[in-house]
1. Of a type outside the set (V, I, T), more than 11 Å from I656 (Cα to Cα) and in contact with a strand residue (DSSP E or B) (Cβ under 8 Å, 6 or more places away or on another chain) - does that describe any residue in the stretch 614-623?
2. Tell me the residue from I543, I526 that is closer than 24 Å to I98 by Cα and modelled with pLDDT of 85 or more, please.
3. So, in the stretch 305-323, how many residues would count as being among the aliphatic types (A, V, I, L, M) and within 21 Å of A288 (Cβ to Cβ)?
4. Going by the conditions given, is D625 of a type in the set (D, E), part of a helix (DSSP H, G or I) and at pLDDT 90 or above?
5. Which ones in the stretch 206-221 are under 15 Å from G127 (Cα atoms) and open to solvent by less than 30 Å² (accessible area, probe 1.4 Å)?
6. Sort out which residues of the stretch 506-565 are in contact (Cβ under 8 Å) with a residue 24 or more places away in the chain and among the hydroxyl-bearing types (S, T, Y), and write them in order of number.
Amino acid sequence: MKKNRAIIGLIVFVLLLAGLGYTAAFGIGADKSGSASSIKLGLDLAGGVSITYQVVGEEVPDKEDMSDTIYKLQQRVENYSTEAQVYQEGDDRINIEIPGVSDANAILEELGQPGTLYFIAQTDSAGNQNYTSNFGIDADGNIIEVYELTKTLEELQADGSIVLTGTDVAGAQAGSQQDSLMNNTQYVVQLTLTDAGTEAFAKATEKAYNAGESIAIYYDGEFVSVPNVQAVISDGSAVITGQRNFEEADKLASTIRIGGLKLELQELRSSVVGAQLGSDAIRTSLLAAVVGFALVVIFMIAVYYVPGIAASLSLALYTALMIILLDAFEVTLTLPGIAGIILSIGMAVDANVIIFARIREELATGKTVQSSIKIGFSKALSAILDGNITTLIAAAVLALKGTGTIKGFAQTLALGIILSMFTALLVTKFILNALHALGVQSPKAYGVAKEKKTLPVLSKQKVFFALSAVVIIAGFVVMGINQASGKAALNYSLEFVGGTSTTLTLNEDMPIEKIDSDIVPLIENITGDGNVQTTKVAGSNQIIIKTRTLNVEEREAFTNVMVTNFGVEESSITAETISATVSSEMKSDAIIAIVAAAVCMLVYIWFRFKDIRFGASAVIALLHDILVVLAFYAAVRVPVGNTFIACMLTIVGYSINATIVIFDRIRENMREMGRKDNLEEVVNRSISQTLSRSVFTSLTTFFMVASLEVFGVSSIREFALPLMAGIICGTYSSICLAGSLWHLFRKKMGKKAE
């Protein structure tokens, strides 16, 4: 790169960084609303809408029907936010909490009345019309066909004209297909029916097809689609055509899904609720971000000199882009999400560390700085791509198969991975080349690798295996002791086990910070548990306090505290049992998603390394990390809630990267040293050569997490503490276990396993 081009390039970069930083902080346009302030926030940070539905026509609904309804509603409201929560309240009510919205009526209008979907034949058995049509004009000025029922729903039900109800629909998904005549793309809704629905629909479509009639889909008092029957449908799989675009098809599919709930629900109450956490939560998290970022920058410059400066500038660009894209993709950000982003800043330097280690190795062989930069990036590429693509595959599987928090986590993770590769492979490389062109060409400014002593890691593998086994077994023992002593094996939070929701009206409009400082400690004394969630109802003095399940004596003590200390009217205090927000179906989905992600990672590593033993070793190391962190949760009694899932997934993503870097070096050394050389020496040398990367990346990530532990609010610290344990564990397993496992498998399984 020539000097003039380098100067112009750096000026453009600085201007770009300043512009993106300004956009992230302050935005553009008249409102001066920056991306940081425009990001959708979760219930904990910004509040949202709370809607309570009551089951129609049943005093005590069937438990399976309630569970199925909650699960399907959860899938429906995730269209608004992946952080939306649905849970049971009392025996016959379902509560929905949707963050980031403030118009309860708009949500109610769009959701309609769940469980009121009907498929209606055009004519009854006597040939009488069940609905008629006229032409009208819609809001866009287009001429449309408007349908009206000629009978009541009760009459239609009585004469058999309602051929299906929503419960006969097993699934509805938007999609596209090619028109058989013109080969144009059609947007469609694909229906899957239950066994009972399949039989009934076959008879109904046979009648309609022979008569050239339609079967209307009627939901919440309106016709949502009136498709003509073009064939007899006997296999339980139908396609609705005629949608103008994918969004229209997706909306119809969503309507059919919510209309197909097993229980019919009606709105009982709705309200706008405030943030569960005060402004201190965001302020302290931002402080943690600034401190952690500063520590990472100082560390990178102190260790890597000029490359450290390049990495710091690249990291600043990464942070600005991350904020802007979170806003652009409308990701709902919760407090754990903020913690995850802060953590990703620490992990984003990983690729830089790999590259800089390679550059130093090349400088140690006597190559020029320019040549070392070029070769360093080239040699680091495979490790960076394999590590990040492996994690990206896991993120994609989690996004497709996961629900709720898992889906939101996967989106943020994927975004961070792509950005980190872009900034490391392109931006950092550009800055280094530009600085070199400007005259920074002394090898001392980049650091020259010293000869590394090969550590005898494999000679200690029995010790490492035994140590890991002891920790994991100890974890299960602690869980057993907890269970035997009357406590749960793990300290499950409200999200996992439910609890008691108490609603009361204060005599004053008390800010959430004062509620947390004055009321919450008194409630914690009653429950003996720090897991207390508070929410304010907007426009009133009403607050909602969620705790673990309270018995009669504890409810009485709760009431006495509020009446005596705060003058609350006893008649305004109502308590209801609430279910877990993480349903059994969501837990099953989470397990399936994680297992599927592990399998996909295994297959990719097998494909890239041409040896399934690499993949098997990596997956076992990940399982080890999960079990060790689980033991930590059991021993320290850290609450297990939604952050638990995010924590475990973060550790998996972090650990697999470190393992892939070591495996990549083993693969390279086997090519250079020859397969006939001592494999133990190859593994030991590979681990030793990548040791600085493993340790330094762990340190930068640890800096960010430690700042969360020091400055964060209690819920953030509950997330940061096990992450610190996970970082240590992930580093240990990558260095001490993964390579040893591969070596053991290679010895036991013959020459090659492909």
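The values are calculated or read from the model by the stated rules, or taken from the named source; none is laboratory data. As the structure is a prediction and not an experimental result, all values here were calculated from the model. Because the Cβ atoms are built from the backbone with ideal geometry, glycine has one as well, and the counts that use them run over all protein chains shown. When the accessible area is computed, the model is the full protein with side chains, heavy atoms only, and any ligands, DNA or RNA have been set aside. Shrake-Rupley method; radii C 1.70, N 1.55, O 1.52, S 1.80 Å.
1. no
2. I543
3. 8
4. It is true that D625 is of a type in the set (D, E), part of a helix (DSSP H, G or I) and at pLDDT 90 or above.
5. Passing the criteria: A208, E213, S214, I215.
6. Once the filter is applied, which keeps residues that are in contact (Cβ under 8 Å) with a residue 24 or more places away in the chain and among the hydroxyl-bearing types (S, T, Y), the stretch 506-565 yields T527, T534, T535, S540, T547, T549.
Rundown of residues vs (1) surrounded by 14 or more Cβ atoms within 10 Å (Cβ to Cβ); (2) at pLDDT 90 or above; (3) farther than 17 Å from E222 by Cβ, yes/no style:
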{"site": "N130", "(1), (2), (3)": "yes, yes, no"}
{"site": "N134", "(1), (2), (3)": "no, no, no"}
{"site": "L149", "(1), (2), (3)": "yes, yes, no"}
{"site": "A158", "(1), (2), (3)": "no, yes, yes"}
{"site": "I162", "(1), (2), (3)": "yes, yes, no"}
{"site": "G166", "(1), (2), (3)": "yes, no, no"}
{"site": "A170", "(1), (2), (3)": "yes, no, yes"}
{"site": "S176", "(1), (2), (3)": "no, no, yes"}
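Residues checked against (1) of a type in the set (A, V, I, L, M, F, W, C); (2) at pLDDT 85 or above; (3) open to solvent by less than 50 Å² (accessible area, probe 1.4 Å); (4) more than 18 Å from C647 (Cβ to Cβ):
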| residue | (1), (2), (3), (4) |
| --- | --- |
| N352 | no, yes, yes, yes |
| T368 | no, yes, no, yes |
| L385 | yes, yes, no, yes |
| G402 | no, no, yes, no |
| A410 | yes, no, yes, no |
| A424 | yes, yes, yes, yes |
| G439 | no, yes, no, yes |
